[in-house]
Every structure is written in C-alpha cells, then in structure tokens.
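Asker: Here it is: the structure, laid out below.
The values are calculated or read from the model by the stated rules, or taken from the named source; none is laboratory data. Quick caveat: nothing in here was measured; it's all calculated off a predicted structure. Cβ coordinates were reconstructed from backbone atoms using ideal geometry, including for glycine residues, and neighbour counts include every protein chain displayed.
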Amino acid sequence: MRRLLCSGFLFLCCTWGVTAWGTTLPIKASANGRHLVDANGVPWLMALDAGHHIVCALAQSGWNTYFADRQAKGYTATDLFSTFAAGNCPSSGAAKDGTLPFTNGNSPSTYDLATPNPAFWSEIDTLINDAAAANLVVVFNPLITQNFLITFQNAGNTKCFNWGVYLGNRYKSFPNIIWYNGNDFQTWTTQSNLTLVNNIMAGIKSVDTNHLQSLQLNYNRSYSNQATATVSANLTLDAVYTYYEVYDYILQAYASSPTLPVFLLESNYEGGNNTGQLSSSANAFIVRQEAYYAMTSGAAGFIWGNESVNHFDGSYPGSLTTTATLEMKYLPQLLNSYAWWNLVPDTGHAVVTAGYGNYNGGNENMYNATYATTVWVTDGSLAITYTPVVNTLTVNMTKFSKPVTASWYDPTTGNSTAVSGSPFANSGSHNFTTPSGTHSDGTNANDWVLVLSLSNAPAPPTNLKATVQ
C-alpha cells in the first residue's frame, strides 16, 4: 500500500484525505445532523470494530495485520485507545514496547499531563497512519477516564485544557480521526469531573475544528447528549453505550437535543457478557442484533466487536475470523443498496402496525428480545424492519407511494429472497411471515430483515475488500 509522509508530525498526505474507496476525509455531520458524511457531503456509514488495547497489548509489527484484516472484512472504522492501564496491559499504561505516555510520572496517579512523551505519541502517530493506509477511520480516545480520571483530577482544569490543545495541534491534520473522551465514565454526574473532561474537549476544539468529537459516559447505559448542559459547545457526535435492548437508548439519543448523529459505540462484543445478564456469552446473534437494532432505530453507525480482538489476548490473532465478524459485512451491504441516510425510525408504528413484539428497554438478556424495529423513508419509497424472532408483521401498505417488492434478507448470509406475490399493492394491509427454521450459522437464531422497496431486492455482498491504486 502506498503512503506519502509529510514534514512535521507524520500524517497521510491525501489532499486532505482522499481514500482509496472514494471517501474524502475528514468525516463530518450531515447538514440535518442525522448521519455522517465525508468532506464532500457524501453519506458515510460507520461500521466500527473495537481494538481498545492495540497499543499496550500488541507489538507495532502486528498493527498492520489487524488493520488489513478489518479492512478486508468490510469495516470502515476502528475504536482505539492510546493506552489502557489494567487487565492484560501494564498498570503504567505503557505501550507494548515499554514506552510511557508521559515523561514525568510512571502511573495514572503520578503522570503530569504537561509532559507528554514524544516517543510514545510518535507511536500513536504511526498507529493512526497505519489505520489510514487501510482506509480505516480511527474513533480515538486519547486517555480514557476509566484509568486516567485521576490524572485529570491531579492536573486541574487549566492543564486539562492545555492537554486538549496539545492533542488538537498534534492531530488536527490527520484526516482519519474522530475524537472521543470518557469511557466507563461512571462519575460524570459529579460536575467537577465532567468539567475536567469538557476542558479537554474545549482545548481540542480551540485548535482543531476539523474533527468530530464524542463522549462516552457510563455503563450500563448512557448517551453523550445526557451531558449536554456542560459539553454542548464541544460535542458534535452522540455515542450510545448500552447493555440493554439497543434500540431503546438509540431512540432516546435520536430524540434528544441538540440534534446530533447517533452511533452505537459500545455494547456486548462477541464472547462477552459484561453485566452477567445474558443467559450465555454474546454470540453472533447478539452482536448482529445490537447492530441491526441500532441501524433500524436511526443510528448513523454501529460497533461490531469481539472480546479477544478488542483485548489482543492469548486467542488473538485466531479470533480475527469468527462467525460474527464474517457476518458483519452484510449489514452495510444491505444499507448501501439504498439511500439509507433518508431512513427515519417509525416509533409510532405507522408502517408495521402489529406483530412487532414487546418493547422492553429494561431487558439485558437480549436472547429474549422480541421487539421489531422499523426505519422508513417518509416519501413511501422504502421501509426496513428487523425482527429478532419468527413473527408475522402486519404492514400498512398505504404508507407506500407505489406497489412495492417485499423481500426477506438473511443477516447471516446476505441472501435476499423476494416474497411470493411481489410486487404488493400500496393499499390496505398485508401480513408478512418470517421464513421458517433457524439460521445455519450455529446460533440457533431466526432473526430476519423485511425490506419493502420500490426497487428490486438487494443482492448478496461480493468483493468488499478495498484496494489502494
């Protein structure tokens, strides 16, 4: 892959970030605040992987293998921390090679924010450039509150602001960044803590207006706009963090003010069960349910992660190819078959009027979810419904402007099958029953996507790997 290096800080010299797949970076919010676009206003769908521990748990020599694999599997972005200071990472937060993030101190409780270590942050430069070479946007957390809130507290507001200025100056010309702060930020409702983080965000914004900024708040569920009274001047992207039936907080974030694009930043990853409320660890069904729920509830993007890959643990790199990760590409392939950016959530059941199951936003055992979520284009040209269970969906056909083709989309294979009798008249109501039987991917699940469109059913994905010319 071809890279050009510029003087000063290393960054990809791409005439302000023209990628091999035609996306012109940086990523922005759309004019209506509902989805993401590239620098030319072209809609961009975030398909996000989790690689939190890459710097502290994986040698630099392995970074390109990870990025190339995620590119080949159809991801468009990766969620990365600069470091982590627990678990399989050193308590110092050092990089895998032992380099510390600051020159003064040796742990989060002793680091001085005013002393960033050039050697460490040069490694981060390389990390972000390597991701760019694989056509991946980095949703980047420079220091997570989970480990480094004590560092911010010791520093105080002025140093936090100046830390943000340092970050903004260093990375404002890197085209493939979306900022986010926080992470497992359980004490954000303590105003002094939130103010510290907001000062970091303000420092970034004071010198870097090129990039979006988001904020992850607390588990077990939250969204960024809940902190809007403090962070509204700096927040431009709303991150949902939930271990409950995902549509609930996606819809709440979507309805919140100010209007911002919403994306699913964290939920259970494949192999995970972070709250212990799932009846068994998350399999491919749970991971895809989370993502399909997000995208049929108004989200602009989703995360689709694997616990082992996220931690780069002893099962890595064998965990790069799993049932769930092989199925990820079918969601963006479905959405990219249509003008997905015009879809809005059907919260009032105008389209699917019966058979949509039970709205159960308080349920953390998502194996028991039954609720069907629908997004549609209000001009009557398209509706997409995700149901996690076998069901008969009653559709108000008068909501469509013309007769429509109905098809069942299999989220485990990408195969689309037209419903017998298509096209259906845009009058009266019609019942659509999901195909019988369970999927063959080993999950014993029977979730399906109903597509009602004026156009033909989408084709299965083919040749999703992007290449550099």
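Asker: Test TRP304 against the criterion of being surrounded by 18 or more Cβ atoms within 10 Å (Cβ to Cβ), under 21 Å from GLY33 (Cα atoms) and touching a residue at least 60 places away in the same chain (Cβ under 8 Å), and give yes or no.
Answerer: Spelling it out, it is not the case that TRP304 is surrounded by 18 or more Cβ atoms within 10 Å (Cβ to Cβ), under 21 Å from GLY33 (Cα atoms) and touching a residue at least 60 places away in the same chain (Cβ under 8 Å).
Asker: Then there's this: Got at least one residue in the stretch 176-197 being surrounded by 22 or more Cβ atoms within 10 Å (Cβ to Cβ), among the small types (Gly, Ala, Ser) and assigned to a helix (DSSP H, G or I)?
Answerer: no
Asker: Something else now. For the stretch 323-345, how many residues are β-branched (Val, Ile, Thr) and buried (at least 19 other Cβ atoms within 10 Å of the Cβ)?
Answerer: 1
Asker: Moving to a separate point now. Of all residues being under 20 Å from THR374 (Cα atoms) and of a type in the set (S, T, N, Q) in the stretch 423-442, which is surrounded by the most Cβ atoms within 10 Å (Cβ to Cβ)? Just the residue, please.
Answerer: Within the stretch 423-442, the match that is surrounded by the most Cβ atoms within 10 Å (Cβ to Cβ) is THR434.
Rundown of residues vs (1) farther than 20 Å from VAL262 by Cβ; (2) charged (D, E, K, R), yes/no style:
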{"site": "LYS28", "(1), (2)": "no, yes"}
{"site": "ASP49", "(1), (2)": "no, yes"}
{"site": "LEU58", "(1), (2)": "yes, no"}
{"site": "LYS73", "(1), (2)": "yes, yes"}
{"site": "THR76", "(1), (2)": "no, no"}
{"site": "GLY87", "(1), (2)": "yes, no"}
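Asker: Pairs under 9 Å by beta carbon, first residue closer than 26 Å to THR323 by Cα in the stretch 421-450, partner among the basic types (Lys, Arg) and surrounded by 11 or more Cβ atoms within 10 Å (Cβ to Cβ), six or more apart or different chains?
Answerer: Filtered contacts from the stretch 421-450: THR443/ARG288; ALA445/ARG288; ASP447/ARG288.
Asker: Sticking with this structure for a sec: Restricted to the stretch 358-394, and to residues that are assigned to a strand (DSSP E or B) and more than 22 Å from the chain's Cα centre (by Cα), which residue is surrounded by the fewest Cβ atoms within 10 Å (Cβ to Cβ)?
Answerer: Of everything passing the filter in the stretch 358-394, THR392 is surrounded by the fewest Cβ atoms within 10 Å (Cβ to Cβ).
Asker: Does VAL165 satisfy being β-branched (Val, Ile, Thr), more than 16 Å from ASN234 (Cα to Cα) and either touching a residue at least 40 places away in the same chain (Cβ under 8 Å) or not assigned by TED's automatic domain parsing to the domain that holds ALA95 (or both)?
Answerer: Answer is no for this residue.
Asker: Any chance the stretch 147-155 includes a residue that's under 21 Å from ALA95 (Cβ atoms) and surrounded by fewer than 20 Cβ atoms within 10 Å (Cβ to Cβ)?
Answerer: Yes, the stretch 147-155 contains at least one residue that is under 21 Å from ALA95 (Cβ atoms) and surrounded by fewer than 20 Cβ atoms within 10 Å (Cβ to Cβ).
Asker: If you go through the stretch 78-104 one residue at a time, how many are free of Cβ contacts under 8 Å to residues at least 40 places away in the same chain and on the phi > 0 side of the Ramachandran plot?
Answerer: Residues that pass the stated criteria total 1.
Asker: Ok, one more. Taking the stretch 131-168 as the region of interest, how many residues are touching a Leu at 6+ places or on another chain (Cβ under 9 Å) and within 18 Å of ASN64 (Cβ to Cβ)?
Answerer: Final tally of qualifying residues: 6.
Asker: Something else: Filter the helices (runs of 4 or more DSSP H) completely within the stretch 242-313 down to those with at least 3 residues that are of a type in the set (A, V, I, L, M) and out of contact with any Pro (no Cβ under 9 Å at 6 or more places or on another chain).
Answerer: So the answer is 284-295.
Asker: Also, I was wondering about something else. So ALA284 clears everything in (1) among the hydrophobic types (A, V, I, L, M, F, W, C); (2) closer than 24 Å to SER214 by Cα; (3) touching a Leu at 6+ places or on another chain (Cβ under 9 Å) except one condition, right? Which one?
Answerer: (2)
Asker: When you go through GLY305, GLY298, GLY272, GLY314 one by one, which is the residue that is outside the structural domain of ARG34 (by TED's automatic domain parsing), at pLDDT 95 or above, on the phi > 0 side of the Ramachandran plot and not hydrophobic (A, V, I, L, M, F, W, C)?
Answerer: Residue meeting the stated conditions: GLY298.
Asker: Something else now. I'm told MET328 meets every condition in (1) of a type in the set (A, V, I, L, M); (2) within 25 Å of ALA50 (Cα to Cα); (3) out of contact with any Lys or Arg (no Cβ under 7 Å at 6 or more places or on another chain) except one. Can you identify the failing condition by its number?
Answerer: Failed condition: (3).
Asker: What number goes with the only condition from (1) outside the structural domain of THR259 (by TED's automatic domain parsing); (2) in contact (Cβ under 8 Å) with a residue 60 or more places away in the chain that GLY22 does not pass?
Answerer: (2)
Asker: Take the residues of the stretch 128-144 that are within 19 Å of the chain's Cα centre (by Cα) and in a helix (DSSP H, G or I): which is surrounded by the fewest Cβ atoms within 10 Å (Cβ to Cβ)?
Answerer: Top of the filtered list is ILE128.
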